[in-house]
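A short worksheet on the structure shown next.
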Amino acid sequence: MYPTVLTQLARANPFSAPLFSLQKVEEPQQNLHGQRTRTLAAAATSEEGDSCEFGSQKYFVLCGFGGILSCGTTHTAVVPLDLVKCRMQVNPDKYKSIGNGFSVTVREDGVRGLAKGWAPTFIGYSMQGLCKFGFYEVFKIVYSDMLGEENTYLWRTSLYLAASASAEFFADIALAPMEAVKVRIQTQPGYANTLRQAVPKMYGEEGIWAFYKGVVPLWMRQIPYTMMKFACFERTVELLYKYAVPKPRSECSKAEQLVVTFVAGYIAGVFCAIVSHPADSVVSVLNKESGSTAFQVLKRLGPKGVWKGLIARIIMIGTLTALQWFIYDSVKVYFRLPRPPPPEMPESLKKKLGLTE
């Protein structure tokens, strides 16, 4: 009975593209100082040529750096599209479409007007990327230790979802102040044109609450987005290698693997945009107005209003997600960080399932 249940659990998992490989757990050993060394059930041993061990402090620091580069640069690059998207959400009568939004913005503010909000965007999303990717790697190992080797394998998708949600919780706290500033600059003409103008003005009018009143809608938007971002990306990578790439991943060059990363990232980004768009609309309107709550804004927008600007956001988020995964994976390649292959079923689980003699 027990093997049958385990088999069903293993086969029922909808996502089977894990990010790290399982190794046989050995008894903790002691170092020269008598301290017990920690053996991670989910961590693959460092391959020859890697610059550090999987799960080491250097590994986490460089992953966080990769997150800064991947999120900060990409979000800043699409500021013009993000500006038009936000204006379509808060003033759909004036900004009727993507093309119309660009035309109206250029006519009223000039070409330079398309770059409004670039500074808070760069700072805010750099901090978000640091926490998102850095903490994701941390929580992934922490939760794996809590589950144990066999459960890590059986419930690996749930582990990815839990780790990404936990990381995004803290990432949004880091993002919220600059997101509020960015939206205020982009959606309130004449309010402020720069970060230095907006911050003291917002603080003087509403206090510290002005920078954090959008954190709950941010959680509503970003946590489902990030969970989808990681789970869907891994599933798509698996399917691409299985059906589209004519050779196994182990035989692909690093450049070919990065191409697969980009394609999978874009596909995942489309789903991310759809899942998180209603909350994104609430964030945009909420940060524009004073005294409103997320529930009031959601009720006022209605079922149709929350989907305004979806096409613009699909283009933006699809591109962002693809570039983020590409940059993040490129950082790992450049710094020779461990990039473990997909996991194998632990020997102990194979014995329970009767797969070994």
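For the stretch 304-314, backbone phi angles converted through the Karplus equation (6.51, -1.76, 1.60; θ = phi - 60°) give residue-by-residue couplings of 7, x, 6, 9, 4, x, 5, 4, 4, 6, 4 Hz, Gly and Pro being listed as x.
Length available on full extension from N100 to Q296: 0.36 nm per residue minus the Cα-Cα distance, which gives 67.7 nm. With all protein chains in place and a 1.4 Å probe, the accessible surface of the stretch 171-214 carries 62 percent carbon and sulfur. Couplings 3J(HN,Hα) of the stretch 117-122, computed from phi: x, 5, 5, x, 5, 5 Hz, in residue order, whole Hz [Karplus 6.51 cos²θ - 1.76 cosθ + 1.60, θ = phi - 60°; x for Gly and Pro].
Using only the Cα atoms of the stretch 105-144, construct the convex hull and provide its projected area averaged over every direction, in square nanometres to one decimal. Numbers along the way, then the final one.
Values: hull surface 13.7 nm².
Average projection, Cα convex hull of the stretch 105-144: 3.4 nm².
How fast does the stretch 69-136 diffuse by Stokes-Einstein, in µm²/s, taking the Kirkwood radius from C-alpha pairs at 37 °C and 0.692 mPa s?
It comes out at roughly 257 µm²/s.
Of interest is the spacing of the C-alpha centroids, which for the stretch 196-251 and the stretch 83-138 amounts to 15 Å. For A77 and F170, a Förster radius of 30 Å and the Cβ-Cβ distance give a FRET efficiency of 0.75, rounded to the nearest 0.05. Sorting H75, H277 by accessible area puts them as H75, H277; the probe is 1.4 Å, largest comes first, and only protein heavy atoms count.
Inverting the pair-averaged 1/r between distinct Cα atoms of the stretch 158-256 gives 16.4 Å as its Kirkwood hydrodynamic radius. Other residues lying with their Cβ under 14 Å from the Cβ of A171 contribute a combined charge of -1, Lys and Arg counting +1, Asp and Glu -1.
The solvent-accessible area of F262, taken with every protein chain present and a 1.4 Å probe, is close to 80 Å².
Karplus-based coupling profile of the stretch 86-102, in residue order and whole Hz: 4, 5, 5, 6, 8, 9, x, 5, 8, 10, 7, 7, 4, x, 5, x, 5, with θ = phi - 60° in 6.51 cos²θ - 1.76 cosθ + 1.60 and x standing for Gly or Pro.
The values are calculated or read from the model by the stated rules, or taken from the named source; none is laboratory data. Model, not experiment: these values are computed from the prediction. Using ideal geometry, Cβ is built from the backbone for each residue, glycine included, and neighbour counts are taken over all protein chains shown. Just the protein is used for accessible areas: all its heavy atoms, side chains included, with ligands, DNA and RNA removed. Shrake-Rupley method; radii C 1.70, N 1.55, O 1.52, S 1.80 Å.
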